[in-house]
Amino acid sequence: MGSNSSRIGDLPKNEYLKKLSGTESVSENDPFWNQLLSFSFPAPTSSTELKLLEEATVSVCRSLVENNPRTGNLGALIKVFLSRTKELKLSAECQNHIFIWQTHNALFIICCLLKVFICEMSEEELQLHFTYEEKSPGSYSSDSEDLLEELLCCLMQLITDIPLLDITYEISVEAVSTMVVFLSCQLFHKEVLRQSISHKYLMQGRCLPYTSKLVKTLLYNFIRQEKPPPPGAHVFPQQSDGGGLLYGLASGVATGLWTVFTLGGVGSKAAAAAEVSSPLANQSLLLLLVLANLTDAADAPNPYRQAIMSFKNTQDSSPFPSSIPHAFQINFNSLYMALCEQQTSDQATLLLYTLLHQNSNIRTYMLARTDMENLVLPILEILYHVEERNSHHVYMALIVLLILTEDDGFNRSIHEVMLKNITWYSERVLTEISLGSLLILVVIRTIQYNMTRTRDKYLHTNCLAALANMSAQFRSLHQYAAQRIISLFSLLSKKHNKVLEQATQSLRGSLSSNDVPLPDYAQDLNVIEEVIRMMLEIINSCLTNSLHHNPNLVYALLYKRDLFEQFRTHPSFQDIMQNIDLVITFFSSRLLQAGAELSVERVLEIIKQGVVALPKDRLKKFPELKFKYVEEEQPEEFFIPYVWSLVYNSAVGLYWNPQDIQLFTMDSD
């Protein structure tokens with residue numbers, strides 16, 4: 001057979017591929033299909049393998065594109081597949097390995113061809129290719145049957161109805177992947193698609209009744225994280241006489257076309273794919289996110305988003321309102337546990353965000369859990385390793401925290417959960433700390449990272465909003481958390497002074513030269529003063545609402561009291577400084593009365609005693625700090641490119657040439 005490269009180079013000359021893509025029509029009843037579909041290969045494990053296959057067979061695919069209007073061979077292949085799927089469930093029950101194996105191979109070929117067709121032509125042209133049949137050149141099917149719609153419905157039935165067994169695992173993965181490919185026309189458009197033939201089929205007509213069942217199945221696939229069967233679990237040894245349905249194993253297909261799948265590959269995407277322990281769970285989650293983010297039709301909302309917004313817990317026996325379409329029930333405990341375990345991936349964090357933001361049932365359930373640390377800790381770890389994460393993943397994690405901190409019960413309970421030995425937090429050994437204090441530390445670290453690196457105002461705003469939501473409920477802050485709050489204020493204060501000095505020097509320079517354009521220091525100063533005011537409001541909110549619970553914060557304030565002196569008379573901060581100034585003055589006086597050379601323990605004791613003596617009515621009341629996450633207008637402009645970037649980078653066994661991608665740039669994260 002020669003070297004691997006020569007095998008791949010010979011693929012365009014393979015007799016079966018040449019017949020499929022050639023000028024001769026092949027009837028759907030021709031024995032050729034049994035020959036074509038009787039091959040065996042290990043399931044693809046990397047995009048590198050598929051890239052090699054695609055590059056070697058591109059001429060075959062283009063030949064089919066050219067000849068299919070005359071031969072209708074694509075339609076014939078699809079009809080062969082559709083006829084087989086009618087017996088697929090029975091075949092699974094009867095353990096008919098051979099039948100399932102060949103049906104999977106048919107779907108795999110269809111998926112490979114569709115990917116090239118969708119890349120090479122418009123949706124309208126693709127739709128025409130589904131109507132061509134073996135008559136005169138370019139003739140159309142005379143019956144009213146829509147083969148494209150029938151294939152989509154068949155895929156949905158396959159995903160939802162076929163039991164998941166070792167012998168059906170790969171065909172289930174392939175069905176999900178093929179649906180992703182069907183929707184991949186978005187990749188080849190710079191603008192978000194608001195009208196699409198594939199979208200229309202999925203949101204209307206025969207596919208619509210499968211909406212809730214499909215969403216439920218995809219969610220359960222994610223929950224169960226079923227691993228693929230061991231290699232060879234569905235492949236049979238070749239019969240000694242090479243006869244029967246297995247004779248194709250020894251044909252040119254087996255030795256030429258499919259040996260590519262035994263090749264290894266290197267590359268970033270290949271390495272990422274190798275880490276996926278459950279291809280079915282991974283592909284199902286990606287398809288779910290693609291469906292959830294389809295744009296609404298002109299006359300109807302996205303039914304998949306409706307299903308995601310409305311599903312309930314299996315423990316909830318209350319009836320669904322008649323106004324809610326596509327409703328179903330799912331085990332919330334299982335879903336919660338899967339979300340906790342899978343947060344290392346972008347797509348799992350995006351699913352968590354989607355559910356928290358859009359489904360009030362799941363949000364209420366999660367906020368009532370007594371083990372929220374299992375969910376919050378993985379989110380904090382994402383933010384802690386901000387340098388290693390892409391910006392979208394960090395944003396999603398941060399917005400998840402912001403949504404959670406909108407709830408006062410969450411803000412109270414996180415200070416009651418005590419954690420020991422947080423190994424991934426390396427700045428300082430934390431032998432024991434509350435979940436609330438750890439959350440504050442990580443969010444402050446994210447702000448400081450952003451100040452020195454990305455300087456993204458959106459990230460700043462959401463970090464500060466989460467801290468502000470929590471501030472009235474701060475309880476028993478860890479001394480390190482209290483120190484970091486004041487250290488952040490110190491950093492902001494230094495930055496303010498630096499910008500102020502630059503603005504002053506710039507103003508002096510403008511008096512002597514009118515020709516040099518000046519930097520807009522006024523805008524920089526305005527931004528930094530907004531952030532400083534927000535920090536002062538957070539400190540003030542804690543002092544006003546929970547002073548007696550936070551002696552460590554008072555200690556940190558007193559230790560760095562000089563920092564606040566310059567802001568006492570500043571017109572932008574005078575009002576908010578009143579309470580902070582009062583607390584500093586009151587406790588400084590008591591420490592002065594206690595004498596010099598006080599130990600840390602003695603200072604904290606004086607603070608605790610002073611809290612009782614400080615008249616609460618002397619602290620001015622300000623409106624409660626509450627920030628609610630509001631999705632941007634036209635969120636699809638952000639989420640659709642993001643979801644498809646995840647598909648591009650995370651899908652198992654799917655490869656697209658980066659030069660063909662129009663939706664996003666390949667060097668972006």
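Under the shape rule built on the C-alpha gyration tensor, where the axes satisfy a ≥ b ≥ c, segment 392-474 is oblate, since a/c reaches at least 1.5 while a/b does not exceed b/c.
Normalised per residue, the accessible area of the chain is 44 Å², obtained with a 1.4 Å probe and no contribution from ligands, DNA or RNA. Would you indicate which of [x] 16, 41, 27, 14, 3, 0; [y] 16, 44, 29, 9, 2, 0; [z] 15, 32, 20, 19, 11, 2, 1, 0 is the value of P(r) over Cα pairs in 20 Å bins from 0, in percent derived from the coordinates of this structure? Answer label, from the structure shown: [x].
Quick one: pull the percent of accessible area on the chain belonging to carbon and sulfur, 1.4 Å probe, ligands and nucleic acids left out. Walk me through the numbers before you get to the answer.
Details: 14740 of 29460 Å².
For the chain, the apolar C and S fraction of the accessible surface comes to 50 percent.
The label-point distance for GLN502 and ASP660, in a model that sets each label 7 Å from Cα toward Cβ, rounds to 4.6 nm.
Dipole of the chain, Cα-centred, from +1 at each Lys and Arg C-beta and -1 at each Asp and Glu C-beta, to the nearest 20 debye?
Numbers: 53 positive and 71 negative charges, 417 e Å.
Dipole about the Cα centre, nearest 20: 2000 debye.
With the simple spin-label model, which puts each label point 7 Å out from Cα in the Cβ direction, the GLU416 to LEU367 separation comes to 1.6 nm. Helical content of the chain, expressed as a calculated mean residue ellipticity at 222 nm, amounts to -18500 deg cm²/dmol (DSSP H runs of 4 or more residues, -39,500 (n - 2.57) each, divided by residue number, nearest 500).
Taking chymotrypsin sites (Phe, Trp or Tyr not before Pro) across segment 344-447, the ones in a DSSP loop with at most 16 further Cβ atoms lying within 10 angstrom of their Cβ are TRP424. Computed from Cα positions, the angle between helix 521-546 and the longest principal axis of the chain comes to roughly 70 degrees. The GluC sites (Glu not before Pro) of segment 22-115 meeting both criteria, a DSSP state outside H, G, I, E and B (loop) and at most 15 other C-beta atoms within 10 angstrom of the site's C-beta, are GLU24, GLU87.
Taking a straight line from the alpha carbon of LYS608, these lysines sit under 18 Å away, with near neighbours fewer than eight places off in the same chain left out: LYS616. Computing FRET efficiency as 1/(1 + (r/R0)^6) for ALA298 and ARG428, where r is the C-beta to C-beta distance and R0 is 51 Å, gives about 0.35.
Once fully extended, how much extra length lies between GLN634 and ARG568, figured as 0.36 nm per residue of separation less the alpha-carbon to alpha-carbon distance?
Working: separation 66, 0.36 × 66 = 23.76 nm, distance 4.22 nm.
Stretched out fully, the GLN634 to ARG568 stretch lengthens by 19.5 nm.
Identify, among PHE332, ILE440, GLY610, the residue whose Cα sits farthest towards the positive end of the charge dipole of the chain, taking +1 on the Cβ of Lys and Arg and -1 on the Cβ of Asp and Glu, with the dipole about the Cα centre. The residue sitting farthest along the positive end of the dipole is GLY610.
So which of LYS200/LYS457; LYS312/LYS420; LYS51/LYS86; LYS200/LYS227; LYS115/LYS216; LYS190/LYS495 end up more than 28 Å apart by C-alpha? Those over the limit are LYS200/LYS457; LYS312/LYS420; LYS51/LYS86; LYS200/LYS227; LYS190/LYS495. Note on GLU597 and GLN523: the extension gain reaches 22.2 nm, defined as 0.36 nm multiplied by sequence separation minus the Cα-Cα distance.
Suppose R0 equals 22 Å; then what is the FRET efficiency for GLU605 and TYR559 from their Cβ-Cβ distance, rounded to the nearest 0.05? Let's see the in-between values first.
Details: r = 16 Å, r/R0 = 0.71.
Approximately 0.90, to the nearest 0.05.
The values are calculated or read from the model by the stated rules, or taken from the named source; none is laboratory data. If you're wondering where the values come from, they're calculated on a predicted model, not measured in any experiment. Every residue, glycine among them, receives a Cβ derived from its backbone with ideal geometry; neighbour counts consider all protein chains shown. In case anyone asks, the SASA skips ligands and DNA or RNA and just uses the protein heavy atoms, side chains included. Shrake-Rupley method; radii C 1.70, N 1.55, O 1.52, S 1.80 Å.
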